[in-house]
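Q: Pasting a structure here, questions to come.
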Amino acid sequence: MEILWVLMALVMVVFVLRPLLRFRNGRVQTRTPNFVPSPFLFRRNNRIEQVAPDHPDAADPANYGFAREEELDIRMPGPDQDLLDVLDLVQRTQDYRAASQLLAGTETEGEPRWQRVQAFAGAAALELQRRPGGVHETPGGQWLRVWRAEQPKDAGGAAVHAEFLVQQAWRTSTPGTDEFRIIMEEARDACGQAALLSPGDPVPYIIELSVARGLSYTRPEFEALWLKILDRAPAHMGAHLAALHYWCEKWHGSRELAYSFAEAAAARAPQGSLLAAMPLFAVFEHLPEVNLVRGFYQSEVVTRAMHGALHAVHAARPDDPMSAHVRHLLVFFLVRAERWAEAMQQLILVDGHVGALPWSLSADPAAEFAVYRALAVAGYEANGGSPATLLS
């Protein structure tokens with residue numbers, strides 16, 4: 001049990017000293033003001049200690065082929081090369097047409113359309129944040145404004161605009177303020193316009209789920225919106241994740257309602273669906289801010305939710321775009337539960353992309369991911385693992 005207490009203490013120290021942490025060549029190092037940085041590395045033989053970077057027992061994520069921290073892509077949870085190529089082209093040329101063509105060729109009911117709409121909206125919002133414009137400067141994200149002006153009947157552009165407004169509300173204003181309400185009401189109108197342009201598309205209604213949370217829809221109003229989504233895409237994982245927030249304790253529901261929603265989704269999940277992982281997301285949304293319960297991550301509730309998620313990713317199609325979302329959350333829970341080998345198996349499948357929960361909640365998603373990855377490597381090697389045993 002010594003390793004358990006040492007690692008849990010290590011995780012707490014990492015979070016407390018977050019502003020003083022830095023990473024070099026995949027190895028965690030501490031930085032204390034006015035002192036020479038000392039390596040925060042790991043040792044095998046069932047012990048974790050500080051050792052020099054060149055120490056023969058230093059655990060190094062690079063030995064497993066993992067990407068360096070500065071190479072981690074924070075834009076999305078997993079690879080979508082078509083999207084990356086189009087994003088790069090649109091942002092380089094400020095011409096929206098490639099984005100319009102990509103969305104026009106993406107099926108409406110599937111998960112990729114929702115993820116691509118989010119990505120385009122997020123890119124435009126980030127451009128605007130970095131370059132708000134002025135007397136002699138064009139504001140960022142101008143390509144989205146031109147898209148809406150030149151192609152007002154383009155369903156893809158309408159959906160991206162609606163999601164852009166939602167993201168702007170959450171990024172730039174505070175829930176409950178007049179500014180937030182005004183932007184959200186504009187977003188709700190934009191969702192309605194997008195829905196009219198593509199009647200069978202669930203995405204405008206999925207976007208409105210965030211509006212419903214922000215504008216405090218009543219439960220009957222929310223359930224009516226949810227039924228519109230179920231009519232169009234009953235097994236849509238992204239929609240279920242968006243809806244879960246409404247039922248959480250911190251918004252308009254409770255722990256019991258959120259668990260009930262997630263468990264019902266898992267129970268009716270078709271074969272091969274990732275909806276079986278929903279309870280793990282419900283558990284994550286209700287984690288205590290400070291955990292003082294020994295063995296919490298080995299508890300029955302957490303263990304059952306992890307097993308459901310592990311079964312879901314095992315049964316899902318290899319190319320299911322939502323698998324990466326589930327695997328990233330599994331890394332978080334498996335590390336905290338000290339299930340090192342299983343955490344490493346998930347890491348080799350998602351490493352390189354970190355645009356997913358829980359990392360996306362951090363101001364520095366890549367650094368947050370790197371902490372857990374380093375802990376996984378350390379725990380794995382402390383229990384006899386090595387690159388040879390993992391890849392065999």
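The values are calculated or read from the model by the stated rules, or taken from the named source; none is laboratory data. Just so we're clear, the structure is a prediction, and the values are computed from it rather than from any experiment. All Cβ positions, glycine included, derive from the backbone under ideal geometry; neighbour counts span all protein chains shown. Areas reflect the complete protein model, heavy atoms only, side chains present, ligands, DNA and RNA absent. Shrake-Rupley method; radii C 1.70, N 1.55, O 1.52, S 1.80 Å.
Q: Tell me, which residue of the stretch 350-370 that is touching a helix residue (DSSP H, G or I) at 6+ places or on another chain (Cβ under 6 Å) and in a loop (DSSP other than H, G, I, E, B) is farthest from Pro77 (Cα to Cα)?
A: It comes out as Ser362.
Q: Now a separate question. Are any of the residues in the stretch 319-333 more than 21 Å from Pro279 (Cβ to Cβ), in a loop (DSSP other than H, G, I, E, B) and open to solvent by less than 30 Å² (accessible area, probe 1.4 Å)?
A: no
Q: Here is a check on your reading of the model: is Glu49 part of a loop (DSSP other than H, G, I, E, B), acidic (Asp, Glu) and either modelled with pLDDT under 85 or crowded, with 20+ Cβ neighbours inside 10 Å (or both)?
A: Yes, satisfied.
Q: In the stretch 254-274, which residues are among the small types (Gly, Ala, Ser), open to solvent by less than 50 Å² (accessible area, probe 1.4 Å) and modelled with pLDDT of 95 or more?
A: Ser254, Ala258, Ala262, Ala264, Ala265, Ala266
Q: Separate question: Tell me, which helices (runs of 4 or more DSSP H) lie completely within the stretch 60-171 with 1 or more residues that are within 24 Å of Val354 (Cα to Cα), under 19 Å from the mean Cα position of the chain (by Cα) and free of Cβ contacts under 8 Å to residues at least 24 places away in the same chain?
A: 81-93, 111-130
Q: Taking only pairs six or more apart or across chains, which ones have beta-carbon atoms under 9 Å, a first residue in the stretch 351-368 that is on the phi > 0 side of the Ramachandran plot, and a second residue that is open to solvent by 10 Å² or more (accessible area, probe 1.4 Å) and assigned to a strand (DSSP E or B)?
A: Gly352/Asp73
Table: residues versus (1) over 21 Å from the mean Cα position of the chain (by Cα); (2) not polar (S, T, N, Q).
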residue	(1), (2)
Gln271	yes, no
Met278	no, yes
Phe281	no, yes
Gly295	yes, yes
Ala305	no, yes
Gly308	no, yes
Ala312	no, yes
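Q: Within the stretch 214-226, identify whether any single residue is farther than 17 Å from Glu111 by Cα, among the β-branched types (Val, Ile, Thr) and modelled with pLDDT of 95 or more, and answer yes or no.
A: Scanning the stretch 214-226 turns up at least one residue that is farther than 17 Å from Glu111 by Cα, among the β-branched types (Val, Ile, Thr) and modelled with pLDDT of 95 or more.
Q: In addition: State all residues of the stretch 84-118 that are of a type outside the set (Ser, Thr, Tyr), open to solvent by less than 40 Å² (accessible area, probe 1.4 Å) and over 17 Å from Ser323 (Cα atoms); if no residue qualifies, say none.
A: Leu84, Val86, Leu87, Val90, Ala98, Ala99, Leu102, Leu103, Val117
Q: May I pose another question? Does the stretch 302-357 hold any residues that are farther than 20 Å from Trp114 by Cα and polar (S, T, N, Q), and which are they?
A: Listed by number, the residues that qualify are Thr303, Gln345, Gln346.
Q: Identify the residue in the stretch 275-299 that is under 30 Å from Asp319 (Cα atoms) and among the aromatic types (Phe, Trp, Tyr) and, among all such residues, is surrounded by the most Cβ atoms within 10 Å (Cβ to Cβ).
A: Phe281
A quick yes/no check of all residues on (1) in contact with an Asp or Glu (Cβ under 8 Å, 6 or more places away or on another chain); (2) loosely packed, with under 15 Cβ neighbours inside 10 Å:
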| position | (1), (2) |
| --- | --- |
| Glu338 | no, no |
| Ala341 | no, no |
| Leu357 | no, no |
| Ala370 | yes, no |
| Val377 | yes, no |
| Leu391 | no, yes |
